[in-house]
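Okay, structure first, notes after.
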Amino acid sequence: MNALRSIVITLLAAALCWLAVGAEPAEPAAPSIQGSYVLDFRELPDGTKVRSPEVIGMMTLTKDHRNFNVYWTDNGKPVSISTISTYSLSATEFTEESLYYADNGVAGKGPNYETKPVSGKAPVTVNGDKIEFQLPLHGEPKVVFDKNGLTATRAGAFVDHWKKVE
C-alpha cells in the first residue's frame with residue numbers, strides 16, 4: 001500500500017510540474033496611480049523653488065480618466081494648461097486619449113483649444129512602488145509616481161513635485 005501511495009504522489013508531482021512548465025507566465029498586476037494630486041512646488045534648473053501662487057496645479061486620476069490643470073507665470077505673463085482624457089495603465093504600457101486640451105500663454109501664444117481625440121502610448125517601468133513613464137500627448141513631461149505623490153520632469157525646464165492628497 002505504501003508503494004502504491006508513493007507512486008501516486010510521484011505521478012501527481014510530475015503532472016503538476018508538467019502543467020507549470022507549459023503554462024503561460026502570469027501577466028504582472030496592473031499598477032495604480034488613482035488619486036488626487038496637488039502641485040507642491042516647482043524646482044527650476046537653477047535650484048529655485050517656486051510655490052503657490054506663482055505655480056498652482058491639481059490632477060485627479062480615476063481608474064480610467066485624468067483631469068489636469070496647472071497655472072504659472074512666465075516673465076510675469078500667465079500660462080495655463082488643462083486636460084481631460086481617458087487612460088489605461090498596465091505594468092508595461094500607459095495609453096491615453098485626449099478628450100479636451102486647452103493651453104493659454106504656452107510659448108507666448110494665445111489660447112489654444114483641442115477637442116478632436118488624440119491618442120498616444122508610452123512604455124511603463126515599475127520598480128517597487130515607483131511607476132515611471134512619459135506622458136505621451138501635448139509634449140507633457142516624464143512622470144514618476146510613488147506612494148506619496150509624483151514628480152513631473154521636463155529636462156532643462158523644471159521638476160514639479162506633486163503631493164498625493166487623496
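The values are calculated or read from the model by the stated rules, or taken from the named source; none is laboratory data. Keep in mind that what you see is a predicted model, and the values were worked out from it rather than measured. Neighbour counts run over all protein chains shown; Cβ positions are idealised from the backbone, glycine included. Just the protein is used for accessible areas: all its heavy atoms, side chains included, with ligands, DNA and RNA removed. Shrake-Rupley method; radii C 1.70, N 1.55, O 1.52, S 1.80 Å.
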Fill in: Distant-in-sequence amide H partners of LEU99 (H built 1.01 Å from N, under 5 Å)
ILE84, SER85, THR86
Discussion item. Applying a 10 Å radius around every beta-carbon, put 58-65, 92-99 in order of their mean neighbour count, most first.
Written reply: 92-99, 58-65
Worksheet, complete the sentence: So for segment 48-166, using the alpha carbon gyration tensor with a ≥ b ≥ c as root eigenvalues (a/c under 1.5 gives rounded; past that, a/b versus b/c decides prolate or oblate), I'd call it oblate
Worksheet item: What are the ³J(HN,Hα) values, in whole Hz, obtained from phi via the Karplus relation 6.51 cos²θ - 1.76 cosθ + 1.60 with θ = phi - 60°, for each residue of segment 49-59 in sequence order, with x given for Gly and Pro?
Response: 9, 10, 10, 4, x, 5, 9, 9, x, 8, 9
Item to complete: Using R₀ = 30 Å, calculate the FRET efficiency as 1/(1 + (r/R₀)^6) where r is the Cβ-Cβ separation of SER82 and ALA30; round to 0.05.
Response: 0.65
Worksheet entry | Alpha-carbon centroid distance for the pair segment 139-154 / segment 80-106, whole angstrom | 13
Worksheet item: Stretched out fully, how many nm does the piece from ALA157 to ASP40 gain, at 0.36 nm a residue minus the Cα gap?
Response: 40.4 nm
Fill in: DSSP-assigned coil residues among trypsin sites (Lys or Arg not before Pro) in segment 124-166, each with at most 15 further Cβ atoms within 10 Å
LYS147
Worksheet item: How long is the gain from LYS121 to THR95 if the chain were fully straight, where each residue apart is worth 0.36 nm and the alpha carbon distance is subtracted?
Response: 8.9 nm
Worksheet item: Expressed as a whole percentage, what fraction of the accessible surface of segment 66-166 belongs to carbon and sulfur atoms when a 1.4 Å probe is rolled over the protein heavy atoms?
Response: 51
Worksheet item: How many Å² of accessible area per residue for segment 23-141, probe 1.4 Å?
Response: 58
